[in-house]
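Here the structure is laid out as structure tokens; the discussion comes afterwards.
Bear in mind these aren't lab numbers, they're just calculated from the coordinates by the rules spelled out. Fair warning: this is a prediction, and the values are worked out from it, not measured in the lab. Neighbour counts run over all protein chains shown; Cβ positions are idealised from the backbone, glycine included.
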Amino acid sequence: MHTKKWMAVLGSLALSLFMIVTFVGNANAATTHLVDKNNIQSTDFFVTAKWVKNQVKTDKKTIVIEASYGNGKDYKKAHIPGAVHMDTMAIETEANNWNILPAKTCAKAFLKLGVTKTTPIVVYSSDINAASRIAFVAYWLGLDNVKILDGGLKAWQKADYKTTKGNVKATKATDFGAAVPGRPESLISTSADLVAAKKKNPDLVLASVRSWKEFTGKTSGYSYIKDKGEPSGAVWAKSSKTSADVAYLVNKDGTVKDPTKIYATWKKWGITPDKEVAFYCGTGWRAATAFFITKQSGWKNVKLFDGGWYDWDKAHQKNASEYPVQVGNPHDADNFKIKD
Amino acid sequence: MKYFGYILIHLLQVISAVSIYEWYELYYNHLGFMRNVSYYTQELAANRGLVWLIRGVILAILVLSLWLSNRKRHKESGLLLLTILGLVVWQVAFSLKTTPIYYLVQGSIFLIVVLQLLLVSLQSNKKAVSK
């Protein structure tokens with residue numbers, strides 16, 4: 001009798017152990033990385049915590065920027081030693097349709113942090129899209145060396161590097177060192193600019209990184225955007241599950257996934273590295289992440305359509321024929337329509 | 001039971017007062033909240049009819065409050081006058097231009113006034129019944 005009991009207990013334990021091992025194994029299998037931690041290239045944008053640690057140590061000019069909206073509440077609780085906080089409102093405003101502000105205004109925001117064209121910067125955030133947003137502006141302005149810490153502060157802490165509390169006062173710089181923007185070709189700012197870019201290159205691929213529900217017009221994704229749909233001609237670059245994430249592009253720990261599989265899904269929509277591709281989302285945050293991931297993968301001609309659905313919808317309200325909207329799945333003619 | 005009611009109303013007033021701090025906290029630290037508030041504030045400001053209706057309701061409540069507090073002078077009516085003063089000072093000293101969460105703060109202060117008005121009217125009724 002006792003033997004049977006013990007057999008049952010041991011059997012249950014073995015089964016539990018098997019399930020745990022299987023689960024952990026699957027979880028690990030799903031984690032892939034864009035960043036090759038043993039071989040980070042100078043042209044890479046996403047870098048590891050170890051790389052950042054070494055960079056700050058070897059190049060004292062390096063400025064680490066914590067990017068987030070607001071007055072840096074979380075930044076003050078814990079940040080990478082020496083890092084300065086940058087409020088995303090320094091580079092965008094509602095009055096400007098949440099688009100990136102003029103280059104000179106943005107350059108001033110970076111000068112306030114002591115950043116000039118030649119300053120190496122590393123941007124990090126708890127939200128990869130915020131980090132990418134700020135990094136994109138730096139890249140567009142023409143900074144020589146822009147990096148994003150893959151995995152943000154969590155990756156830094158996971159590496160067991162120390163953090164500090166409080167605020168770091170930046171030493172301002174006065175001269176940016178070059179005309180801005182230094183890389184104007186990377187940005188399509190407004191809907192009018194997009195129409196002009198399309199006229200210049202009719203093959204330009206307009207890739208929406210919004211969720212499927214947003215893309216097919218089931219939701220606008222934002223309570224402050226009334227209308228649902230996409231700019232006419234848009235294709236779907238699977239990236240987001242909701243309007244606030246890029247879940248298909250990142251691992252659970254916030255690091256960027258190896259995008260090979262996702263690129264295969266994009267290919268079905270005609271989004272390929274050989275084409276001129278303009279990524280967009282609602283207001284340009286998620287698209288900035290897709291921009292840097294593709295850049296790091298070697299895509300040569302990618303752009304950010306910053307205006308996104310927010311700007312296009314506003315333009316559509318004023319002039320529907322110039323800014324037509326599509327609703328539904330373009331691959332399903334019965335459930336697809338163009339509003340113009 | 002009556003004390004429970006008074007305590008509950010005052011508690012709600014405290015929560016309303018604390019909510020003012022929370023509005024600031026949320027607005028200046030949460031992107032989604034800030035964008036939503038900006039959007040709905042503009043929507044509200046653009047709806048002139050609704051703005052005038054709100055102003056009318058506030059004015060009516062203020063007049064009623066002043067009348068009640070003047071009719072029955074006691075601790076709670078004194079507090080009512082103080083809350084009215086707070087609302088008036090807020091209306092005069094701040095605007096949508098200086099305070100992006102103007103309507104939210106106004107709403108919280110207004111709720112405090114209304115709750116106080118409720119207290120005063122309850123107390124007035126009670127005294128009337130006891131007479």
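Summary of computed values
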| read-out | value |
| --- | --- |
| Gaussian network model of chain A, Cα within-10 Å springs - most flexible of A:S297, A:S239, A:S132 | A:S297 |
| A:S12-A:D144 pseudo-label distance in nm [points 7 Å out on the Cα-to-Cβ vector] | 6.6 nm |
| Separation in nanometres of the label points that stand 7 Å from Cα toward Cβ, at B:E25 and A:K5 | 5.3 nm |
| Estimated FRET transfer efficiency (A:A320, A:N201; beta-carbon r; R0 30 Å; 0.05) | 0.80 |
| Cut-off 11 Å between beta-carbons: net charge of the residues surrounding B:R35, Lys and Arg +1, Asp and Glu -1 | -2 |
| Proximal aspartates and glutamates relative to A:K300, as straight alpha-carbon distance under 12 Å, when same-chain residues fewer than 8 apart are discounted | A:E185, A:D274, A:E276 |
| For chain A, size of Cβ-based charge dipole, Lys and Arg +1, Asp and Glu -1, in debye | 960 debye |
| 17 Å Cα-Cα reach of A:K198 towards lysines, excluding residues that sit fewer than 8 places from it in its own chain | A:K275, A:K303 |
| Under 12 Å, Cβ to Cβ, from A:T116 - net charge with Lys/Arg +1 and Asp/Glu -1 | +3 |
| Loop sites in region A:245-340: trypsin sites (Lys or Arg not before Pro), DSSP, at most 14 other Cβ within 10 Å | A:K252, A:K268, A:K300 |
| Whichever lysines have a C-alpha closer than 20 Å to that of B:K2, once near sequence neighbours (fewer than 8 apart) are set aside | B:K72, B:K75, B:K126, B:K127, B:K131 |
| Chain B, relative contact order in percent, only Cα pairs under 8 angstrom and at least six apart counted | 37 percent |
| Residue among A:A288, A:A197, A:S220 farthest towards the positive dipole end of region A:187-296, charges placed on Cβ | A:S220 |
| Test item: B:24-33 mean partner chain Cβ contacts at 10 Å | 4 |
| Most mobile of B:I20, B:I109, B:I84 in a GNM of chain B (Cα contacts under 10 Å) | B:I20 |
| Span-like helix ranges in chain A, DSSP H, alpha carbon extent 15 angstrom or more, Kyte mean at least 1.0 | A:128-141 |
| Charge tally in the Cβ shell below 15 Å around B:I112, where Lys, Arg are +1 and Asp, Glu are -1, B:I112 excluded | -2 |
| Spin-label pair B:L12/A:A178, simplified geometry with 7 Å Cα→Cβ offset, distance in nm | 6.1 nm |
| Rounded to the nearest 20 debye, dipole of region A:40-195 from Cβ charges on Lys, Arg, Asp, Glu | 780 debye |
| Lys, Arg +1 and Asp, Glu -1 on Cβ, resulting dipole of region A:251-340 about Cα centre, debye, nearest 20 | 260 debye |
| Relative packing of peptides A:72-79, A:118-125, A:162-169 - highest average C-beta neighbours within 10 Å first | A:118-125, A:72-79, A:162-169 |
| Candidates B:A17, B:A93, B:A60: whichever shows maximal mean-square fluctuation once chain B is modelled as a Gaussian network with Cα springs under 10 Å | B:A93 |
| Antiparallel bridges, percent of DSSP beta bridges restricted to the protein assembly as shown (to nearest 5) | 25 percent |
| Computed over region A:173-300: relative contact order in percent, which uses C-alpha pairs under 8 Å that are six or more apart | 25 percent |
| Relative contact order (percent, whole number), chain A, Cα cutoff 8 Å, 6+ residue spacing | 17 percent |
